[in-house]
Amino acid sequence: MASHVFYSTVKRFNTPFTSYIEGGLLLALKNYHLWILYGNGQWFLFDGVKNSVVNSGKIKGDINKYSHIIKSPQILNDKLIAFANCGQTKLQVLDPYSGDLDEDWHLDTPTLECVPQNERNNESKMIDAINDINILVLQKSQKICVCERRETNTADYLVSVVEKGKKDKIQAVLSSQQKNYLFGKVNEEDKVVLYSDYNSGEINFAIWDLSKHQDGFTTYNVGKNISTTIIYAGGWDKDTICLFGNSDSSGIPEMYLANYPEKNVETQYLDYLGEDALLADVIFADSKRKKVLCIEQGEEPILALYDGKQKKLDFKMNYEDPTNTFEVSVDKKYFVEYEGMMAGDTEEEKQGTTEVKIYSLVNKKMFLLYLMKKAVVTIQNEKKSLLGYYGHPYVAQQIADMFST
């Protein structure tokens, strides 16, 4: 039986315009604060507890210059958000509470190493380069890592790392050898990973240790007889990363724990949905608590919480719209479901309404105890709390234990 439940609430607020939210342009900060960027360049900071707008503003620069207004926004800390401003072609860090930019961050996006100065008037090259920008933030060290795909004979991947107050950057290049790589974090301090999205025989990835940045990427090939499409990779244990994918052979979504110094792989089969399930997305993988929140496509779309330590399903639920987008909070205490679209209509004179669904993951036993504490029963016209009716909290605990184990 599932040990956790998802508790959800729907929140709505009005905007003085009608517009759309592109997938990936809603960020969930701590304390149920949501930063949302709309298709017209306007952004709102919304308090999901007080159900009120904290602040609003607009992205600076020409929002229509390229195919994106900004690219790959990421939460830097409790109050700051980092992103590539496409109109101004540079990295920016915004404080949504004050509306101010932190000017102590310096990086061109795309970098001059990716698109040289003499080619930056080539709109096609700039659009291609901007589309390939991916940003990650290392929360503990407060470093911003920007991954680009550079047009060379081997289609190199270029990763640049910057810190606050430093104009110099460190960089490393990985030759793709015509493979397609995705960008992830090994930890929150000093390691990032580029991993191949399709593997035949061995799982291929490359790790850059920023504490030894001059050494560049170290490439690893681990496992045997593994043919799989990988959709996510991240840190798990010391010297171990987790990868999630859909196996060609088993037809079942799989989790791979790759110990890269030892070059061995442990495979866990995510077979709780049957053989026809397809792993569509990994919303987050919490290496500390060993929890994985993912989306699987079976007969219906399923939101599933997997316990990687116990190797079992914690909870699953159907959700209504398979096209909706999910975003987990920076502290992994809640996540948000919203309608994310690539494009849509914008009317500056027409009032709009934004609707989001906020989910909190709660322990089922604690949830049942809370309900019994708040529940009221009427006995002979006299109202009593459910705990008062049973006369001893031990009884309520036994009931919660029965329904949560």
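The values are calculated or read from the model by the stated rules, or taken from the named source; none is laboratory data. Keep in mind that this is a model prediction, so the values were computed, not measured. As a convention, Cβ positions derive from the backbone with ideal geometry for all residues, glycine included, and neighbour counts pool all protein chains shown. Calculation scope for accessible area: heavy atoms of the full protein, side chains included, ligands and nucleic acids excluded. Shrake-Rupley method; radii C 1.70, N 1.55, O 1.52, S 1.80 Å.
Summary table
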{"quantity": "Estimated 222 nm signal from helices in the chain, with DSSP H stretches of n ≥ 4 weighted -39500 (n - 2.57), rounded to 500", "calculated": "-2500 deg cm²/dmol"}
{"quantity": "3J(HN,Hα) from dihedral phi, the range 82-92, Karplus parametrisation 6.51/-1.76/1.60, rounded to Hz, x for glycine, proline", "calculated": "10, 7, 8, 7, 6, x, 9, 6, 8, 6, 10"}
{"quantity": "Neighbour net charge for Q139 - beta-carbon separation under 15 angstrom, K R +1, D E -1", "calculated": "+3"}
{"quantity": "Contour excess over end-to-end distance, with Cα ends at Q214 and N64 and 0.36 nm allotted per residue", "calculated": "50.2 nm"}
{"quantity": "All aspartates and glutamates inside 12 Å of K290 as judged from Cα atoms, apart from same-chain residues fewer than 8 positions distant", "calculated": "D237, D307, D314"}
{"quantity": "Tensor-based shape of the range 205-311 (alpha-carbon gyration tensor, a/c under 1.5 rounded, otherwise prolate or oblate)", "calculated": "prolate"}
{"quantity": "List R289, R120, ordered by accessible area with a 1.4 Å probe, largest first", "calculated": "R289, R120"}
{"quantity": "Modelled FRET efficiency - R0 25 Å, T229 with E266, Cβ distances, 0.05 increments", "calculated": "0.85"}
{"quantity": "With all protein chains modelled, accessible area of K357 [1.4 Å, Å²]", "calculated": "60 Å²"}
{"quantity": "Among (i) 54; (ii) 51; (iii) 44, the entry derived from the coordinates for percent of Cα pairs over 28 Å apart", "calculated": "(i)"}
{"quantity": "Net length gained if the chain between N153 and E123 were fully extended (0.36 nm per residue, minus Cα distance)", "calculated": "8.7 nm"}
{"quantity": "Convex hull volume per residue for the range 102-172, taking Cα atoms only, in Å³", "calculated": "102 Å³"}
{"quantity": "Calculated diffusion of the range 193-246, Stokes-Einstein form, Kirkwood radius summed over Cα pairs, 10 °C and 1.306 mPa s, µm²/s", "calculated": "135 µm²/s"}
{"quantity": "Fully extended contour minus Cα-Cα distance, from M342 to Q297, at 0.36 nm per residue", "calculated": "14.1 nm"}
{"quantity": "Solvent-accessible area of E347 with every protein chain in place, 1.4 Å probe, in Å² to the nearest 10", "calculated": "90 Å²"}
{"quantity": "Selection of chymotrypsin sites (Phe, Trp or Tyr not before Pro), the range 82-117, meeting DSSP coil and at most 15 other Cβ within 10 Å", "calculated": "Y97"}
{"quantity": "Solvent-accessible area per residue for the chain (1.4 angstrom probe, square angstrom)", "calculated": "50 Å²"}
{"quantity": "From phi via Karplus (6.51, -1.76, 1.60), per-residue ³J(HN,Hα) for the range 327-340 in Hz, x at Gly/Pro", "calculated": "9, 8, 6, 5, 9, 6, 9, 7, 9, 10, 10, 8, 7, x"}
{"quantity": "Surface share of carbon and sulfur [accessible, 1.4 angstrom probe, percent] for the chain", "calculated": "45 percent"}
